[in-house]
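I have placed the structure first, in the form of structure tokens, so that the comments after it can refer back to it.
Quick note: the coordinates plus some simple rules give every number you see, no bench work behind them. This one's a predicted model, so the numbers in the text were calculated from it and none came from an experiment. No Cβ is skipped: glycine too gets one built from the backbone with ideal geometry, and neighbour counts run over all protein chains shown.
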Amino acid sequence: MMHRRVLIIDDEESIQLVVQFGLKLSAGWDVLVASSGLEGIRQAASEQPDMILLDVMMPEMDGLTTFRELQNNGETRSIPVILLTAKAQASEKRLFNDTGVQGVITKPFNSLELAEQIIKVLDW
Amino acid sequence: MRILVVEDDDIVLTLLTARLGAEHYAIDAATDGLTGWEYASIYDYDLLILDVVLPKLDGISLCQKLRQAGHTLPILMLTSQDTSMAKILGLDAGADDYVVKPFDPEELTARVRALLRRGSTNPLPIMLWGDLCLNSSTQEVSYGGTLLDLTAKEYGLLEMMLRESQRVFSKDEILDCLWSAEEFPVEATVRSHMRRLRGKLLAVGAPADLIATSHGRGYYLKPVNGGGETLFEPAPLTDPEPPAPHPSDDQQAQYLEFLNQTWQEQRSNCLQRVHRLDLALDQLQTQALPLTEQSEAYRIAHNLVGTLGTFGLLEAMAIARLLEQEFHPDIYLEPSQVNPLKLLLANLQQQIETTDTLVNLPKPTGVEPLVGNGQAGRSLATQRLMLVDDDPILLQTLSKQLQGHGFQVGVLDDPQQFWAVLENLQPDVLVLDIQMPQMNGLVLCQSLRSASQWQKIPVLFLSTFADAQTQHQAFAAGADDYLCKPITAQDLSDRIHHRLQRIQAVSQ
């Protein structure tokens, strides 16, 4: 398995911590953390992670807006994005598909199995 | 590399498919010996993993049949019998290797790798082609010391070509080898993967024609400095630890410990949020809640769902999810909802306060499936019934009898898990006991009536209390019917049917 750097954009501290620990432990990956959409976009541009885990519901800038901003930015456009969402409704899933994100992972998830899910979704 | 797995045990099959899939193999699965025989006759596989005990045609016979038909592919037998006799039988039937269940997935994949190497012209785990280096043990590819970031298919393409480095591979061959039958790939798929792979090789300084095209024939590795060579020497790896895609027991234990530490830190945070929701309800009691406040409460509840789920507290998460729905900014909250919502909130607070230690890793679904009546085709018309009672014997008897009356029955003897199970089962009708440890059926019913999703679900009480006052309380809490124990399944079934018919009539 390749070494990877993942950026998680989520306003929930507990999720940040658990994902950080889970991905490091199970796959040896490094996890960068951003607590808001704006901070996430800045970090994505400067750190160039291999992929982004993006929470859908965040205050101020929500996940889909953040995703659009990432797409509009030449420095971050090519970074694959997987959305994190609470139990997605069927209609929401269609909405997500139309946006062009690479995948959707529903919460709650086991962070130990997250790397496996990411690899599968992104065909790494 | 394409592998056929013939195994009738769903769990073993899922495990194998996931594990081998993660190792970049294309997997086809058959669950009985005859299907296995058909698959193996139609497609070319690089390896067969074969269970011994199989329906229709057993593994030993299938193995013999394949060898008699001239198939030379490596065969790895799986069996639960750890005796010399069983092993001899398998190996004599033509198997190349033999693994006893339960097996260590790591060992199994290592054996798979070894068997696949044996059949190739390049039998070493590390393959070199000029500056290109592929390590099949760690699944890493580097060029001139620079690690390449390859997808599963790109890796598979390179590995396939390096294993038989003197050959030309047609697109058909590549499709057969790297894609499973279910994927329905087309030749253009091979071209696009090949284009991306070449792009990546080029980016790290490899010659553009390292993988050359022979028009009309396919792809081949272009000889570098007079030809490819294979040496057994370690690749320049940047990351020496080969991480297991499947978490080991040790990792799970470490993760659980970390979760527990984090939970200790986050618990007060969760309780603060519950408190803030409580304040919002206090405000609602005296005046309408401003939209900004309601949106904030919604966000808090939403975050609670995420946090509690992360720690695997499914019951608390289900309650938080109900609250999240109630506080949704599109829903107008009325002061009359305050009390039932406060009950939910109190329940949530209790769940958080009493969870000192997490004992299980979070699982997205930790709930028993519905107990079906076993009659295929009937389930669509069948009503789902959830039976909540702290008496397991009563649950067992009644659920069996009610299945006989055409219900699909889910049972719960621990009301502490009520909300999580309710959410998972999505029943059409509920039968509740009144007096249960730590939870009162009347309170549960009241909470149900405050949750928009469950406001209308028919609730029947089944209780030992026969007094008028309790019955009155039950109806006040939102019950649709009240029945006294003991009761026959026939009577209960009639009352439930009656209730459901009336609801249907009213809705029409």
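Odds and ends about this structure:
- In order along region B:277-293, the Karplus-derived 3J(HN,Hα) couplings, from 6.51 cos²θ - 1.76 cosθ + 1.60 at θ = phi - 60°, round to 5, 4, 4, 4, 5, 4, 5, 4, 5, 9, 7, 5, 7, x, 4, 5, 5 Hz, and Gly and Pro are given as x.
- For region B:3-69: rounded, prolate or oblate by the Cα gyration tensor [a/c cutoff 1.5]: oblate
- 0 to 90° range, to nearest 10: angle between helix B:33-42 axis and chain B longest Cα axis: 40 degrees
- Cα gyration tensor shape of region B:2-118, rounded if a/c is under 1.5, else prolate or oblate by comparing a/b with b/c: rounded
- Ellipticity estimate at 222 nm from DSSP helix runs (n ≥ 4, -39,500 (n - 2.57)) divided over chain B, nearest 500: -15500 deg cm²/dmol
- When the charge dipole of the protein assembly as shown is built from unit charges on Cβ atoms (+1 for Lys and Arg, -1 for Asp and Glu) and taken about the Cα centre, the candidate among A:Ser35, B:Gln251, B:Ala280 whose Cα reaches farthest toward its positive end is A:Ser35.
- Across B:Lys342/B:Lys456; A:Lys24/A:Lys107; B:Lys342/B:Lys485, pairs whose alpha-carbon gap is larger than 22 Å: B:Lys342/B:Lys485
- Kyte-Doolittle at least 0.0, axis length at least 18 Å by Cα - qualifying DSSP helices, chain A: A:13-27
- Sites B:Leu34 and B:Asp494 - FRET efficiency at Förster radius 51 Å, r taken between beta-carbons, to 0.05: 0.60
- The amide H of B:Ile49, built 1.01 Å from its N in the peptide plane, has B:Leu4, B:Val5, B:Val6, B:Leu76 as neighbours under 5 Å, considering only residues 5 or more places off or on other chains.
- Couplings 3J(HN,Hα) of region B:84-96, computed from phi: 4, 4, 4, 5, 4, 4, x, 5, 5, 6, x, 6, 9 Hz, in residue order, whole Hz [Karplus 6.51 cos²θ - 1.76 cosθ + 1.60, θ = phi - 60°; x for Gly and Pro].
- Cα extents of the protein assembly as shown along the three principal axes, largest first (Å): 96, 60, 46
- Two-decimal Rg to Rh for region B:384-507 - Kirkwood Rh, Cα set: 0.92
- Residue order, fewest to most beta carbons within 10 Å, for B:Tyr482, B:Tyr220: B:Tyr220, B:Tyr482
- Pairwise Cα separations in chain A fall into 10 Å bins from 0 onward with the following percentages, short to long: 14, 51, 33, 2.
- Nonlocal amide H pairs with B:Leu483, under 5 Å, H built at 1.01 Å: B:Phe461, B:Leu462, B:Ser463
- Cβ neighbours within 10 Å from other chains - mean over A:103-111: 5
- Cα-based convex hull volume of chain B per residue, rounded to whole Å³: 225 Å³
- Protection proxy ranking, peptides B:79-92, B:272-285, average beta carbon neighbours within 10 Å, highest first: B:272-285, B:79-92
- Tail weight of P(r) past 20 Å, computed on alpha-carbon pairs of region B:251-326, percent: 36 percent
- Couplings 3J(HN,Hα) for region A:2-7, derived from phi with the Karplus relation 6.51 cos²θ - 1.76 cosθ + 1.60 (θ = phi - 60°), are 6, 7, 10, 10, 10, 9 Hz, where x marks Gly and Pro.
- Global geometry of region B:1-40, whether rounded, prolate or oblate, following the gyration tensor of its Cα atoms and the 1.5 cut on a/c: oblate
- For the pair B:Glu164 and B:Asp391, the difference between a 0.36 nm per residue extended length and the Cα-Cα distance amounts to 75.2 nm.
- Near the amide H of B:Gly410, within less than 5 Å, lie the amide hydrogens of B:Val371, B:Leu385, B:Met386, B:Leu387, all on another chain or at least 5 residues away, with H placed in the peptide plane.
- Tilt relative to chain B, helix B:489-507 - C-alpha long axis, 0 to 90 degrees, to 10: 90 degrees
- Partner chain coverage, peptide B:300-310 - average Cβ within 10 angstrom: 6
- Normalised contact order of region B:2-118, rounded percent, pairs of Cα under 8 Å and 6 or more residues apart: 24 percent
- Where labels lie 7 Å past Cα in the beta-carbon direction, separation of B:Ser84 and B:His472 in nm: 8.3 nm
- Cα-based reach from B:Lys171 at 18 Å (exclusive), listing lysines while leaving out same-chain residues under 8 positions away: B:Lys153, B:Lys222
- Each part reduced to its alpha carbon centroid, region B:277-320 and region B:1-64 end up 49 Å apart.
- Per-residue mean of C-beta atoms belonging to partner chains within 10 Å, peptide B:317-327: 1
- Extension reserve of the B:Ser61-B:Ala212 stretch, reckoned as 0.36 nm per residue once the Cα distance is removed: 50.0 nm
- Pair B:Thr354, B:Asp172: separation of 7 Å Cα→Cβ label points (nm): 6.7 nm
- Using the Cβ-Cβ distance between B:Asp282 and B:Gln438 with R0 set to 22 Å, the FRET efficiency works out to roughly 0.30.
- Pairs of alpha carbons in region B:126-221 whose separation is greater than 22 Å (percent): 22 percent
- Taking the Cα centre of the protein assembly as shown as origin and assigning +1 to Lys and Arg Cβ atoms and -1 to Asp and Glu Cβ atoms, the resulting dipole is close to 1320 debye.
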